[in-house]
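Notes to accompany the following structure.
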Amino acid sequence: MTLELSLQPTPVALAPGVTTRVPVSLFNRATTPLAVRVSVARGRASGWAFVEPADITVGAGGTETVEVILAPPANQVPSSSMVPFTVHATERGTGEPAGFATGLITVAVPIPVVSSMHQRVDTPTTYDLRLTNEGPIAAPVRITAELDPPAGSVTAEPKAVRVEPGETVTVVVHAKPARPLIGSPKPYFVVVEVHDADDPDRPPLITETGNGKRKPRVANWVAATTAIVVALGATAAIVFSGLRLPLPGSRRDKPDTPQVPTQAAVTVTHPYALIDVFPHRGADGGKAAAEAARVKLADAGMPVKLVDSLTTNELADQGTGFWVLLQDGFPTPEAAQAFCTQWKLVAPKCAVTP
């Protein structure tokens, strides 16, 4: 067929009464533009699924993206079984088939748990995650936590809990980020996810993010004082040893060592959405993997920036540094969270950094 349609390969997890948007990529193999109408084929999901925009023109050799809007009703019976759905494209002028793609959905039981996470004033590396069940049934959940960058350790207690209707449970998250030897304080992030304990393959129900700064083991003024003492000691050793240092200009005939250009500083504004992190490793410093991830997200329509942590003071750069996929420029943390929620299917690790 003339048009190649692409859906995400993993099943789409839905909840009764909750609208979910699934991107569909349309690639035109032809050498002329193609005007098509895109729709969801008749089936179990077609009664509550439609496409936006339904009519679209794809340029010759070009790619466009539409979205399948899946809105199962609140009384939809949950089921763990996979339900297929097919997206069709037909030529608007002739009605001839132009292409199709098939995906899978599941309708899971909604987990009516809301959360809030607060940093303790007396112990800044400890956070209290409060989970409240606002629904009529008990909610068994599992809690995971990780550090970004992954230098140090973090624990969550309890790791699993059953939250009864109307009950609020507090989970204590304790981080032990590794401290740099010297230099300025470095930021770190604590990413906590709440999962459905009965469905390990389901995306996280809730993601909370905390942050802080790691103080160096040796303060800058101590390091500077030590460097001065060492320099004075070296000078005294040279004077008493009779070693002669070359005079200025004595090596004028030797070529200068070429200077390695430094990367320009990059500004990252708060709040921002942290999408993914790639360590500097390998022959290309990990840039190829980070760039491939950026292109994949861009192809899905998600706006994203690729930033080297060594070019900004706002990102952690433990060790050799990281390539960071993020998006900034949000007026409020709520706007950044809305961005993460919108793109949760293609970027499940997206988390807000205030």
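Values in this text are rule-based calculations from the coordinates and carry no lab data. Everything quoted here is computed from the prediction, not taken from an experiment. Here the Cβ positions follow ideal geometry from the backbone for every residue, glycine too, while neighbour counts run over all protein chains shown.
Among the listed pairs Lys186/Lys287; Lys213/Lys349; Lys176/Lys296; Lys213/Lys296; Lys215/Lys296, which have their C-alpha atoms separated by more than 30 angstrom in this model? Long pairs (Cα-Cα over 30 Å): Lys176/Lys296; Lys213/Lys296; Lys215/Lys296. With a Förster radius of 35 Å applied to the C-beta separation of Asn313 and Arg21, the computed FRET efficiency comes to 0.50. Here the residues Met302, Met82, ranked from fewest to most Cβ neighbours within 10 Å of their Cβ, fall in the order Met82, Met302. Please give me the summed charge of the neighbours of Gly152: other residues whose Cβ is under 9 Å from its Cβ, Lys and Arg +1, Asp and Glu -1. Summing Lys and Arg as +1 and Asp and Glu as -1 gives +3. In a shell of Cβ-Cβ distance under 15 Å around Glu91, excluding Glu91 itself, what net charge do Lys and Arg (+1) and Asp and Glu (-1) give? My count for the surroundings of Glu91 gives -1. Local charge for His270 was computed over the other residues whose Cβ lies under 9 Å away, with Lys and Arg +1 and Asp and Glu -1, and equals -2.
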